[in-house]
Amino acid sequence: MEEARKYIEETYSKLVKKDPDQTEFLQAVKEFLNSIEPVFTAHPEFIEQNILERIIEPERIIQFRVPWTDDQGRVQVNRGFRVQFNSANGPYKGGLRFHPSVNQSIIKFLGFEQIFKNSLTGLPIGGGKGGSDFDPKEKSDAEVMRFCQSFMTELQRHIGPDLDIPAGDIGVGGREIGYLYGQYKRINGSQAGVLTGKPLMLGGSLARTEATGYGLVYFTDKMLQNEGKSFENKKVIVSGSGNVALYAIQKVHELGGTVIACSDSNGYILDPAGIDYTTVKQLKEVERKRISEYVTTHPTAIYSEGNIWDIEEAYQIALPCATQNEVNKDLAKNMIAQGVIAVAEGANMPSDLEAIEVYRQAGILYAPGKAANAGGVAVSALEMSQNSQRLSWSFEEVDEKLTDIMEAIYTEVRDTAKLYQVEGDFVAGANIAGFVKVALSMISQGIV
Ligand code: GLU
């Protein structure tokens with residue numbers, strides 16, 4: 001459809017003019033726009049309503065100063081962000097990322113992807129994201145606490161259980177959510193529903209910690225099953241060693257696969273006998289140490305500096321769970337050379353546009369993050385339900401719901417791709433399925 005293509009191109013070039021330096025955001029928008037053309041034949045009203053230009057413009061961006069005092073008594077200043085991207089489907093929902101790389105472009109790309117991911121869960125949540133360029137690495141608990149208190153002192157005026165519900169992301173786990181919640185409560189009184197990913201004693205949900213990693217593996221398993229394959233006896237590489245990677249490793253082993261390598265931002269460990277998840281958990285979650293320490297207790301493992309996707313060792317399944325753009329064209333080619341048949345993303349946008357093209361040309365299974373890693377935010381929405389009901393469900397109950405949600409997302413993504421005549425293209429399937437729901441919801445609410 002000529003008109004649709006022109007509309008898509010014009011929308012993108014206007015955005016490039018407005019935000020030429022926001023490379024990550026432009027990349028996320030480009031990937032989305034490249035795949036949604038088939039939608040406009042069935043929905044010409046999306047052009048009349050100028051849905052694309054409306055959906056790529058955040059409803060609101062909040063940027064603020066976060067001053068705090070370090071252990072030496074020096075005053076430090078970081079930058080805080082919250083992007084309230086789209087509330088067509090419900091209150092803004094999405095994590096907070098604390099990492100030195102954080103800037104407006106990164107928070108906007110994450111918030112933009114969150115809209116479609118949250119829509120795919122089928123739960124009533126809009127899209128948002130936030131964070132700071134604060135680096136929690138090497139900081140004392142007291143420093144992290146003072147930073148979180150200062151961050152929340154400003155953020156609290158912009159969020160609420162029916163308005164905007166932050167959670168964790170890179171650099172924000174149970175410890176940070178606990179401190180953030182404590183400060184929110186001190187200012188506004190107790191409202192457990194204002195944050196998710198809370199520690200259990202503060203009203204958190206069982207299985208929230210595991211949800212992103214488990215959900216990723218449930219999704220991948222469905223995708224493999226559809227081709228008559230499974231995790232059984234497969235070798236798997238999982239990048240990262242944070243919350244997503246950890247529980248992906250655990251679940252892959254439960255399903256009969258072997259994770260032979262994982263990483264952190266300095267390097268990776270390789271052990272063909274299989275990575276011991278409990279050691280990684282102890283090192284990263286409890287001791288907050290580098291992954292290189294793993295070899296001191298596991299002499300069969302080898303530690304190397306550099307990018308994990310450079311590994312030359314036969315394996316079949318790649319689960320990138322570290323960060324954006326960790327896989328480029330050459331690394332994707334290397335994956336294929338090692339025999340990879342499926343890539344499923346636990347991180348947000350870990351494959352750049354050229355890497356995705358390599359997967360496509362090779363004809364392997366590829367599940368983008370906004371579908372494959374939706375389990376985390378889905379269980380966050382279940383945490384909100386439990387908080388509203390003042391109940392807590394059992395681990396098994398939440399895990400069963402998570403399994404059903406991931407299966408439903410897989411089916412919807414697969415069937416949407418087929419319906420729009422791009423069978424097997426899960427990028428298009430996820431973008432189209434997520435987008436159509438939000439677009440229809442926006443139109444039903446008028447021009448707002
Ligand atoms: N940060 C996670 C994500 O990328 C979870 C967000 C949430 O639980 O709200 O989806």
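The values are calculated or read from the model by the stated rules, or taken from the named source; none is laboratory data. Every value quoted in this text rests on a predicted model; they were computed, and no experiment measured them. Quick reminder, even Gly has a Cβ in these numbers, built from the backbone with ideal geometry, and neighbours come from all protein chains shown. Quick note on the areas: whole protein, heavy atoms, side chains included, nothing else; ligands and nucleic acids left out. Shrake-Rupley method; radii C 1.70, N 1.55, O 1.52, S 1.80 Å.
Figures for the structure shown
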| read-out | value |
| --- | --- |
| Of residues in the range 160-174 being among the charged types (D, E, K, R) and open to solvent by 10 Å² or more (accessible area, probe 1.4 Å), the one farthest from the ligand (Cβ to nearest atom) | Asp162 |
| Condition broken by Phe64, with the remaining ones in (1) under 27 Å from Ser380 (Cα atoms); (2) assigned to a helix (DSSP H, G or I) satisfied | (2) |
| Residue that is nearest to Glu48 (Cα to Cα) [pool: residues in the range 407-442 that are open to solvent by 40 Å² or more (accessible area, probe 1.4 Å) and in contact with a Phe, Trp or Tyr (Cβ under 8 Å, 6 or more places away or on another chain)] | Arg414 |
| Residue check for Ile447: away from the ligand (no atom under 16 Å from the Cβ) and over 30 Å from Val194 (Cα atoms) | no |
| Check on Ala355, open to solvent by less than 10 Å² (accessible area, probe 1.4 Å), within 16 Å of the ligand (Cβ to nearest atom) and part of a helix (DSSP H, G or I) | no |
| Matching residues in the range 365-421 - criterion: being within 15 Å of the ligand (Cβ to nearest atom) and in a loop (DSSP other than H, G, I, E, B) | Pro368, Asn373, Ala374 |
| Positions within the range 221-256 being open to solvent by less than 10 Å² (accessible area, probe 1.4 Å) and either among the β-branched types (Val, Ile, Thr) or over 23 Å from the mean Cα position of the chain (by Cα) (or both), in sequence order | Val236, Ile237, Val238, Ile249, Val252 |
| Subset tally (residues that are within 26 Å of the chain's Cα centre (by Cα), aromatic (Phe, Trp, Tyr) and crowded, with 21+ Cβ neighbours inside 10 Å) for the range 18-64 | 2 |
| Meets criteria (more than 12 Å from the ligand (Cβ to nearest atom) and either in contact with a Leu (Cβ under 7 Å, 6 or more places away or on another chain) or free of Cβ contacts under 8 Å to residues at least 24 places away in the same chain (or both)) for Val83 | no |
| Unique residue being within 24 Å of Leu402 (Cα to Cα), of a type in the set (Ser, Thr, Tyr) and either within 14 Å of the ligand (Cβ to nearest atom) or out of contact with any Lys or Arg (no Cβ under 8 Å at 6 or more places or on another chain) (or both) when the list is Tyr179, Tyr218, Tyr214 | Tyr214 |
| Residue match in the range 192-204 (condition: closer than 17 Å to Leu402 by Cα and open to solvent by less than 20 Å² (accessible area, probe 1.4 Å)) | yes |
